[in-house]
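Asks: The structure under discussion is supplied below as structure tokens; questions concerning it will follow.
The values are calculated or read from the model by the stated rules, or taken from the named source; none is laboratory data. Everything numeric here is computed off the predicted structure, so don't read it as measured data. As a convention, Cβ positions derive from the backbone with ideal geometry for all residues, glycine included, and neighbour counts pool all protein chains shown. With ligands, DNA and RNA removed, areas are computed over all heavy atoms of the protein, side chains included. Shrake-Rupley method; radii C 1.70, N 1.55, O 1.52, S 1.80 Å.
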Number of protein chains: 2
Amino acid sequence: LNGQFVPASEAVVSAFDRGFLYGDGLFETLRVYCGRPFRWTKHLERLEGGAACLHLRLPYSADELKSAAEELIRRNQMPEAVLRLAVSRGPGERGYSIAGAARPTVVMSLHPAASLAEADRPRWRLLTSSWRVAVRDRLGQFKTSCRLVHVLARAEAELAGADEALLLDTDGQVVEAAGSNLFWIQGGVVCTVPLEAGALPGVTRSIVLELCAALPVAARQVPITPPRLLQADAVFLSLSTWGLVEAASLDGQTLGVSPLVQTLHQRYQALVAAESAA
Amino acid sequence: LNGQFVPASEAVVSAFDRGFLYGDGLFETLRVYCGRPFRWTKHLERLEGGAACLHLRLPYSADELKSAAEELIRRNQMPEAVLRLAVSRGPGERGYSIAGAARPTVVMSLHPAASLAEADRPRWRLLTSSWRVAVRDRLGQFKTSCRLVHVLARAEAELAGADEALLLDTDGQVVEAAGSNLFWIQGGVVCTVPLEAGALPGVTRSIVLELCAALPVAARQVPITPPRLLQADAVFLSLSTWGLVEAASLDGQTLGVSPLVQTLHQRYQALVAAESAA
């Protein structure tokens, strides 16, 4: 917390922190394997891009943050964990103006992580959310702290007995899932929503596309609507905390399966193992 | 702060508060005149509507909150002030799911207020923001804590030497200004953006429409685009903290003036004086 190591119960921020008041901040969620934050650089690049967009000056370099993360992992003896890094604009004057808010708040925390092992893999039930995001949302390329639509979409899904929500834009095009990127397989081709549609440039999303190129298997970035998604051979999600997760159903309708999802997940596991051991 | 009176420097919330992490909360900004929060009930109705939409249970009744507000005003001896009331979902588990987050955070604070007196009235320069909100944004009817677009629009305006930003939706229709509702006068008719367009149902906006009905002067709720706004007789903004504020220019082009704006502002002042003295 701002350079100090404190117990979770003492990790507090000002009630005038603009993160708390306006969602005026950013975050990244990384998986820690074997004591190392996985794809740290990619996450930090996105964070730094977001900070530039928000006119927010990070008070620490990527290297300083990495050292702090590693120290946090050591102190908590949590080599297998989820690492959350949150940056807000810090306390400021009342009102939207960012003038005078010059001391960003930086918080890192560790949380329990899910296993990547095949036997533990869930299959998620998806629900198309009634909540909509803006068409080609410019902020969609960053993990900003304004996540209420994602929170409400997830709550709607969970209330309906589903695990994850599918988010559409106000034109009815699929953008992503609340906490993950969306993939589907159609005739042996791995497809995902293009970033121009407002999808988050997910770190795991990029890895999936890299893995496709390496296999090789054809990959395409194309828009899609929920009805067409139901006709796909299989649907899966990508997210840092879980890797690849196959979708079991969409809006109560059972989705197909494809051996390609398992192949990609195994390649993902192998990549994680290689990079964590390096 | 959660039922306690604490100095501003000791007003802290958990770094795991979902308000801080996800903008998962709501707020209201009221003007206090003569020691009384102006139009308390209207603000609380909007807050309660937002809380219901967010599946968030307010831990205090409107009356309890009002008593706390009045006590806060007394203790700080600030009968002329801006009162900010923020409610967040409170601390929760990592991730978007609201499961397990059952203890909302409630913060009230007082801030210096602008004068309503005629001599002190500013005229604001407006800038059409490049930031866009979702078409007919369902969350637009509440003051949620996800305000990054408003923050960035205001920052963009201030960087360009303007005072306030005009927000359009992704279809290019005007929705509101970053921190205020938009009105314009066209041929003696007072016009504003309809709520269906995603405009915040501002408390001061409602009062302006009531004042028009009482004068009487014709009022209409119609969509508008920036080019048509430039052709209006006059443009003004409404917001709780300032009342009515005339716009001096839009994107560097001087806007017209109308005696109707001054008339409405005087009626607003009279209403404030009557209700504060009652």
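Asks: When a/c reaches 1.5 or more, the comparison of a/b and b/c decides; with that in mind, is segment A:61-150 rounded, prolate or oblate per its Cα gyration tensor? Spell out each step's value before the answer.
Replies: On the way: a/c = 2.87, a/b = 1.12, b/c = 2.57.
Oblate, because a/c is 1.5 or more while a/b does not exceed b/c.
Asks: For segment A:18-47 and segment A:242-275, compute the distance between their C-alpha centroids and round to whole Å.
Replies: Taking the Cα centre of segment A:242-275 as reference, the centre of segment A:18-47 is 23 Å away.
Asks: So, one more: Remind me, relative contact order of chain B in percent, using alpha carbon pairs under 8 angstrom and six or more residues apart? Present the calculation step by step, with values, prior to reporting the outcome.
Replies: Numbers: 531 pairs, mean separation 50.4, N = 278.
With pairs under 8 Å counted, the relative contact order is 18 percent.
Asks: For the protein assembly as shown, report the accessible area per residue in Å² (1.4 Å probe, heavy atoms, rounded to an integer).
Replies: Details: 22010 Å² over 556 residues.
Per residue, the protein assembly as shown has an accessible area of 40 Å².
Asks: Report the local net charge at B:GLY92: Lys and Arg +1, Asp and Glu -1, summed over other residues whose C-beta lies under 11 Å from its C-beta. Don't skip to the end; give the middle numbers.
Replies: Values: positive: B:ARG18, B:ARG89, B:ARG94, B:ARG103; negative: B:ASP17, B:ASP24, B:GLU93.
For residues surrounding B:GLY92, the net value is +1.
Asks: I need the calculated FRET efficiency for the pair B:SER130 and B:GLN262, taking r as the beta carbon distance and R₀ as 30 Å, to the nearest 0.05.
Replies: For R0 = 30 Å, the calculated efficiency reads 0.40.
Asks: To continue, here is another question. Could you tell me which Cys residues in chain B have no other cysteine's Cβ under 4.7 Å from their own Cβ, answering none if every one has a partner?
Replies: Singleton cysteines: B:CYS34, B:CYS53, B:CYS191, B:CYS212.
Asks: Mind checking the dipole of the protein assembly as shown: about its Cα centre, +1 per Lys or Arg Cβ, -1 per Asp or Glu Cβ, Debye to the nearest 20? Let's see the in-between values first.
Replies: Values: 54 positive and 56 negative charges, 25 e Å.
Magnitude of the dipole: close to 120 debye.
Asks: Sticking with the crude label model, points 7 Å out along Cα→Cβ, report the distance from B:ALA102 to B:SER61 in nm, one decimal please.
Replies: 2.3
Asks: Here's another thing I want to ask about it. What are the DSSP H helices in chain B that stretch 15 Å or more along their long axis, judged by alpha-carbon atoms, and whose average Kyte-Doolittle hydropathy comes to at least 0.0?
Replies: Working: long enough: B:40-53 (20 Å, -0.52); B:62-76 (21 Å, -0.91); B:148-159 (16 Å, 0.88); B:203-214 (17 Å, 1.43); B:259-277 (27 Å, 0.05).
Sorted by number, the helices that extend far enough and score high enough are B:148-159, B:203-214, B:259-277.
Asks: Over chain B, what percent of the accessible surface lies on carbon and sulfur atoms, probe 1.4 Å?
Replies: Details: 5620 of 11020 Å².
Ligands and nucleic acids excluded, carbon and sulfur give 51 percent.
Asks: Where nothing but the Cβ of Lys and Arg (+1) and of Asp and Glu (-1) is charged, how large is the charge dipole of segment A:41-121 around its Cα centre, in debye to the nearest 20? Can you show the working numbers first?
Replies: On the way: 11 positive and 10 negative charges, 68 e Å.
The dipole of segment A:41-121 has a size of about 320 debye.
Asks: For segment B:104-240, what does the relative contact order come out to in percent, with C-alpha contacts under 8 Å and a separation of six or more?
Replies: On the way: 220 pairs, mean separation 32.2, N = 137.
That works out to 24 percent.
Asks: What lysines sit close enough to B:LYS42 to cross-link, taking a C-alpha to C-alpha distance under 26 Å and skipping anything fewer than 8 places away on the same chain?
Replies: Here the lysines satisfying the reach criterion relative to B:LYS42 are B:LYS66, B:LYS143.
Asks: Measuring from a point 7 Å out along Cα→Cβ, what nm distances, shortest first, does B:GLY256 have to its partners in the other copies?
Replies: Once sorted, the set of distances for B:GLY256 reads 6.3 nm.
Asks: Got the relative contact order for segment B:119-200 handy, in percent, Cα pairs under 8 Å and 6 or more residues apart? Present the calculation step by step, with values, prior to reporting the outcome.
Replies: On the way: 130 pairs, mean separation 27.5, N = 82.
Answer for segment B:119-200 is 33 percent.
Asks: Any idea what the B:ARG103 label distances to the other copies are, label 7 Å down the Cα→Cβ vector, nm, shortest first?
Replies: Distances between equivalent label points, in nm: 2.7.
Asks: Separate question: Show me the GluC sites (Glu not before Pro) within segment B:1-57 that DSSP assigns to loop and that have at most 12 other Cβ atoms within 10 Å of their Cβ.
Replies: Numbers: sites: B:GLU10, B:GLU28, B:GLU45, B:GLU48; in loops: none.
In loop regions of segment B:1-57 (DSSP not H, G, I, E or B), there are no sparsely surrounded GluC sites (Glu not before Pro).
Asks: Right, something else. Net charge near B:SER67: determine it from the other residues with C-beta under 15 Å of the C-beta of B:SER67, scoring Lys and Arg +1 and Asp and Glu -1. Display every interim value, and only then the final one.
Replies: Values: positive: B:ARG36, B:LYS66, B:ARG74, B:ARG75; negative: B:ASP63, B:GLU64, B:GLU70, B:GLU71.
Cβ neighbours under 15 Å give a net charge of 0.
Asks: Okay, moving on. Summed for both chains, how many Å² of accessible area, to the nearest 100, are buried between A and B with a 1.4 Å probe?
Replies: Values: alone 13460 and 13490 Å², together 22010 Å².
Chains A and B together bury approximately 4900 Å².
Asks: Just add up the charged neighbours of A:LEU110: K/R +1, D/E -1, any other residue whose Cβ is under 12 Å from the Cβ of A:LEU110.
Replies: Working: positive: A:ARG31, A:ARG74, A:ARG75, A:ARG84, B:ARG94; negative: A:GLU70, A:GLU71, A:GLU80.
Once all neighbours under 12 Å are counted, the net charge is +2.
Asks: Once the label point is set 7 Å along the Cα-to-beta-carbon vector, what list of distances in nm do you get between B:GLY188 and its counterparts in the other copies?
Replies: Copy-to-copy label distances for B:GLY188: 7.5 nm.
Asks: Once R0 is set to 25 Å, what does the formula 1/(1 + (r/R0)^6) return for the Cβ-Cβ distance between A:GLU210 and A:SER115, expressed as a FRET efficiency to the nearest 0.05?
Replies: On the way: r = 23 Å, r/R0 = 0.91.
Once rounded, the FRET efficiency stands at 0.65.
Asks: Charges only on Cβ, +1 for Lys and Arg, -1 for Asp and Glu: so what's the dipole of chain A about the Cα centre, in debye to the nearest 20? Walk me through the numbers on the way to the answer.
Replies: Values: 27 positive and 28 negative charges, 64 e Å.
For this selection, approximately 300 debye.
Asks: Could you quickly flag the chain B residue whose beta carbon comes closest to the rotation axis taking B to A, and that distance in whole angstrom?
Replies: Per the B/A rotation axis, the closest residue of B reads B:GLY23, 1.
Asks: For q = 0.21 Å⁻¹, what log10 I(q)/I(0) does segment B:1-131 give under the Debye formula with an equal point scatterer on each alpha carbon and no solvent?
Replies: -1.22
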